[in-house]
Amino acid sequence: MLKRIMIFISVLTLSSTLFSQMLDKHYIQEDDYFIADQPLEGHSWIRINVAKMMEAPNASTNGEAKFLVVKDGKEIWTKYYWQSRIASESEIKLGTVAIMFDYSSGGIYVSPKQREDARTDNWFMAKVTDVSTLYKGYVLVSGGYNVSKDNIRIIGAPEVKTVDVAPAAPVITPAPVQQTIQPEDSYIAPSSKVGLRIVKATYGGYMPENTVDVTDYLNTLIRDGKLTVKANDQFLKVRTSSSEERTLKIQYQTVDGVFETAVIQGMQTNIPNASHRKVK
């Protein structure tokens with residue numbers, strides 16, 4: 001019984017850490033994209049939305065990828081999509097294409113203050129046109145909008161930084177991981193012989209107490225080294241009471257290494273997938 005308790009505590013701790021690492025200070029996740037139905041060229045600014053890639057572009061889609069819009073669940077095909085990271089002050093220059101949260105306070109567009117706003121409200125894209133007030137903490141972008149320097153993202157590979165997460169209730173310090181979690185070789189699914197094994201999979205909301213471990217269950221579903229997962233209670237055969245947007249976080253191993261991915265509520269993905277983040 002004590003061993004099971006220690007395993008449960010370790011899983012909750014690992015789940016909380018993994019979730020916090022997936023959000024930067026704008027509450028944007030590693031696998032988030034910003035999408036639009038038109039390019040910035042020819043416009044002073046365009047509206048964009050946070051979305052998840054469901055299908056990568058290929059030769060038969062004319063360069064378009066399929067996305068799930070986070071705020072309303074709409075599925076959209078588009079070739080106008082970008083990954084981004086928070087800009088450092090040295091990267092805010094004349095002509096820089098900037099992505100900004102669409103909320104103004106005191107005449108200056110400011111960064112989102114909470115996760116729900118960042119993921120369901122509008123963002124926009126424009127070019128930096130005047131940096132003479134950068135020392136005051138804001139710049140001017142095309143369209144005539146003053147934007148806080150802390151509210152500017154630039155196009156490029158995401159640099160994920162942690163945000164503060166409310167600590168869980170005090171718990172007994174767990175034993176070293178190798179003593180509380182089964183050794184890697186202690187469970188090997190038959191499917192691992194063809195190159196796929198789920199190392200860790202958790203499903204639930206923002207708070208760790210609303211998260212459940214579905215690692216063993218997903219391993220039983222692997223067929224011929226492949227697995228299609230869906231982020232919903234019915235597929236995962238669990239019951240969650242959380243009203244938060246639920247996320248299925250997966251770490252899996254193939255003959256090519258260990259990869260991570262996250263699937264938001266109502267979305268599905270194929271494993272393995274070349275677009276997933278390789279961790280080792």
Would you please list the contacts, defined by Cβ atoms under 7 Å and residues six or more apart or on different chains, that run from a residue in segment 49-75 that is not assigned by TED's automatic domain parsing to the domain that holds Glu245 to a residue that is exposed (fewer than 11 other Cβ atoms within 10 Å of the Cβ) and modelled with pLDDT under 95?
Pro57/Gly63
Scanning segment 110-137 residue by residue, those among the hydroxyl-bearing types (Ser, Thr, Tyr) and under 29 Å from Arg246 (Cα atoms) turn out to be Ser111, Thr120
What about Lys113, is it part of a strand (DSSP E or B), of a type in the set (D, E, K, R) and either in the same structural domain as Val147 (by TED's automatic domain parsing) or out of contact with any Pro (no Cβ under 8 Å at 6 or more places or on another chain) (or both)?
no
Suppose we filter Ser20, Ser60 for residues that are at pLDDT 90 or above and either loosely packed, with under 14 Cβ neighbours inside 10 Å or in a helix (DSSP H, G or I) (or both); which single one remains?
Ser60
Would you pick out the residues in segment 197-218 that are more than 14 Å from Asn270 (Cα to Cα) and over 17 Å from the mean Cα position of the chain (by Cα)?
Val199, Glu209, Asn210, Val212, Asp213, Val214, Thr215, Asp216, Tyr217
Using beta carbons and a limit of 7 Å, which pairs, at least six apart or on different chains, have the first residue in segment 124-136 and assigned to a loop (DSSP other than H, G, I, E, B) and the second one of a type outside the set (Lys, Arg)?
Val131/Ile92; Val131/Leu94; Val131/Val139; Thr133/Val139
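Hey, among Ala98, Ala118, Ala126, Ala87, which residue is touching a Pro at 6+ places or on another chain (Cβ under 6 Å) and either surrounded by fewer than 20 Cβ atoms within 10 Å (Cβ to Cβ) or not charged (D, E, K, R) (or both)?
Ala118
Can you say whether Thr261 is assigned by TED's automatic domain parsing to the domain that holds Gly204, surrounded by 14 or more Cβ atoms within 10 Å (Cβ to Cβ) and part of a loop (DSSP other than H, G, I, E, B), as far as the supplied structure shows? Explain how you work it out, then say what you get.
Working: assigned by TED's automatic domain parsing to the domain that holds Gly204: yes; surrounded by 14 or more Cβ atoms within 10 Å (Cβ to Cβ): yes; part of a loop (DSSP other than H, G, I, E, B): no.
Judged against the criteria, Thr261 is not a match.
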Scanning segment 63-79 for residues that are outside any strand (DSSP E or B) and within 18 Å of Thr247 (Cβ to Cβ) gives Val70, Lys71, Asp72, Gly73
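The values are calculated or read from the model by the stated rules, or taken from the named source; none is laboratory data. As the structure is a prediction and not an experimental result, all values here were calculated from the model. Ideal geometry is used to build each Cβ from the backbone, glycine not excepted, and the neighbour counts take in all protein chains shown.
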